[in-house]
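Structure record follows, encoded as structure tokens.
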Amino acid sequence: MSAPVRILGIDPGSRRTGYGIIDTRGAGTEAKVVCAGTIVTQGEHSARLRRIFSEMEELIRQHRPAEVSIERVFMHRNADSALKLGQARAAALCGTFVADIPVFEYAARYVKKAVVGRGNADKAQVQLMVKILLGLQKAPESDAADALALALCHAYVRSPPSVADLEAIHS
């Protein structure tokens, strides 16, 4: 049996940044939640970025993940929104630099396909599948569920599940 790997998933946002940390073995079929939540920010944009950075840095120090999985930025119709999202993403990433760990990026559609089976899944479907796949009592809030989905997606990519693993999940 392989040693567990701790993965931090980050769903960046300037007002709400989701995070989820899992310990996983092999193909992610034996994953358990270490912690998950949302960094909620308010006030001036620079204060929001500072909070994202410092809370991410604290998560890294406290839980010591081995790898980071973060959502890749997509183009918004509104340039100002895209810029703010990119800055929030950068603040979260900079918070991980204290540990010098590898960072992996995934498009939202790719994560949804890996976790739900459909690239156009909605938030509720992601929450439900995260709950099922991680054996949780209740579905995590939306941003935390997205972050946990990012961590699970990376677990699957780093060591793809076998047919037997997939059958065990869906039985």
Limited to region 109-136, what total is found for residues that are within 18 Å of VAL73 (Cβ to Cβ), crowded, with 20+ Cβ neighbours inside 10 Å and either modelled with pLDDT under 95 or in contact with a Cys (Cβ under 8 Å, 6 or more places away or on another chain) (or both)?
1
Residue that is of a type outside the set (Val, Ile, Thr) and in contact with a helix residue (DSSP H, G or I) (Cβ under 8 Å, 6 or more places away or on another chain), where the choices are ARG77, ARG72, ARG51, ARG25
ARG72
Would you pick out the residues in region 14-31 that are modelled with pLDDT of 95 or more and under 11 Å from LEU133 (Cβ atoms)?
ILE22
Looking at region 23-48, I want the residues that are touching a residue at least 40 places away in the same chain (Cβ under 8 Å) and have a partner that is charged (D, E, K, R) and part of a loop (DSSP other than H, G, I, E, B) with Cβ atoms under 9 Å, at least 6 apart or on another chain. Which pairs are those?
ALA36/GLU141; GLY37/GLU141; THR38/GLU141; ARG48/ARG15
Scanning region 102-129 residue by residue, those in contact (Cβ under 8 Å) with a residue 24 or more places away in the chain and either of a type in the set (Ser, Thr, Tyr) or part of a helix (DSSP H, G or I) (or both) turn out to be TYR106, ALA108, TYR110, VAL111, LYS112, ALA114, VAL115
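The values are calculated or read from the model by the stated rules, or taken from the named source; none is laboratory data. Since we're looking at a predicted model, the values are computed, not measured. Cβ: placed from backbone, ideal geometry, glycine included. Neighbour counts: every protein chain shown.
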